[in-house]
1. Looking at segment 33-66, which of its residues are surrounded by 15 or more Cβ atoms within 10 Å (Cβ to Cβ) and acidic (Asp, Glu)?
2. State whether the residues of segment 9-27 include one that is β-branched (Val, Ile, Thr), touching a strand residue (DSSP E or B) at 6+ places or on another chain (Cβ under 9 Å) and not in a strand (DSSP E or B).
3. Given segment 44-84, what strands (runs of 3 or more DSSP E) lie entirely inside it while holding 3 or more residues that are touching a strand residue (DSSP E or B) at 6+ places or on another chain (Cβ under 7 Å) and under 17 Å from PRO115 (Cβ atoms)?
4. Just the residues that are open to solvent by less than 50 Å² (accessible area, probe 1.4 Å), part of a helix (DSSP H, G or I) and over 19 Å from ALA67 (Cβ atoms), please, taken from segment 93-138.
5. Being of a type in the set (A, V, I, L, M, F, W, C), without any contact (Cβ under 8 Å) to a residue 12 or more places away in the chain and within 20 Å of GLY51 (Cα to Cα) narrows it down to one residue among ALA130, ALA124; which is it?
6. For segment 31-87: of the residues being more than 13 Å from the chain's Cα centre (by Cα) and of a type in the set (A, V, I, L, M, F, W, C), which is nearest to SER103 (Cα to Cα)?
7. For residues that are in contact (Cβ under 8 Å) with a residue 40 or more places away in the chain and open to solvent by less than 10 Å² (accessible area, probe 1.4 Å), scanning just segment 67-78, find the one that is farthest from LEU28 (Cα to Cα).
8. Have a look at LEU13, LEU28, LEU95 and point out the one that is closer than 19 Å to PRO137 by Cα, at pLDDT 95 or above and aliphatic (A, V, I, L, M).
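The values are calculated or read from the model by the stated rules, or taken from the named source; none is laboratory data. For clarity, every value in this text was computed on a predicted model and none was experimentally measured. Cβ sites come from the backbone with ideal geometry, for glycine too, and all protein chains shown count toward neighbours. Accessible surface areas use protein heavy atoms only, side chains included; no ligands, DNA or RNA. Shrake-Rupley method; radii C 1.70, N 1.55, O 1.52, S 1.80 Å.
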Amino acid sequence: MTQPSEASVADFLAGVEPPRRREDALVLDRLFREVTGWTPVLWGSSIVGYGRYAYTYASGHSGQSLATGFAPRKANMVVYIMPGYADFGAILSRLGPHRLGKSCLYLGALSKVDPAVLAELIRAGLDDLAGHWPIEPS
């Protein structure tokens, strides 16, 4: 499981390539800070996370994870809406071009996505997560 690190988020974001992906990452960082009110932490070597939660499943498996965040990847920007329980179809229908994974939202060019709808999705994901596990600020 990916763990929080002491690495600098600002340094990480400054090194994102290509430049267009870096610009999108900086825009997302501002949006996530605005929506959550939290300072980001780098999880592993490439996930910018906002908040955290601890979980214990019925199987006894436990751990911690970021509450929400993103990872700038070469092919897509990956947005994490944890843990992926809720159906956000009504919000996603207004977002713009995207693909879905279990707890991941894959975005191409951020310029094609409605930032207000993305902010709504981030907040809805956090609200849903808080109904399952207590969330702490990062």
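1. none
2. Going residue by residue through segment 9-27, those that are β-branched (Val, Ile, Thr) are 9, 16, 27.
If we keep only those that are touching a strand residue (DSSP E or B) at 6+ places or on another chain (Cβ under 9 Å) as well, we get 9, 16.
This time we only want the ones that are not in a strand (DSSP E or B), so: 9, 16.
Yes, segment 9-27 contains at least one residue that is β-branched (Val, Ile, Thr), touching a strand residue (DSSP E or B) at 6+ places or on another chain (Cβ under 9 Å) and not in a strand (DSSP E or B).
3. On the way: elements: 47-56, 62-72, 77-81.
Once the strands (runs of 3 or more DSSP E) in segment 44-84 are filtered for at least 3 residues that are touching a strand residue (DSSP E or B) at 6+ places or on another chain (Cβ under 7 Å) and under 17 Å from PRO115 (Cβ atoms), what remains is 62-72, 77-81.
4. LEU110, VAL117
5. Working: ALA124 fails: without any contact (Cβ under 8 Å) to a residue 12 or more places away in the chain.
Among ALA130, ALA124, only ALA130 is of a type in the set (A, V, I, L, M, F, W, C), without any contact (Cβ under 8 Å) to a residue 12 or more places away in the chain and within 20 Å of GLY51 (Cα to Cα).
6. Filtering first and then ranking leaves ALA86.
7. Top of the filtered list is ALA67.
8. Working: LEU13 fails: closer than 19 Å to PRO137 by Cα; LEU95 fails: closer than 19 Å to PRO137 by Cα.
Matching residue, one of LEU13, LEU28, LEU95: LEU28.
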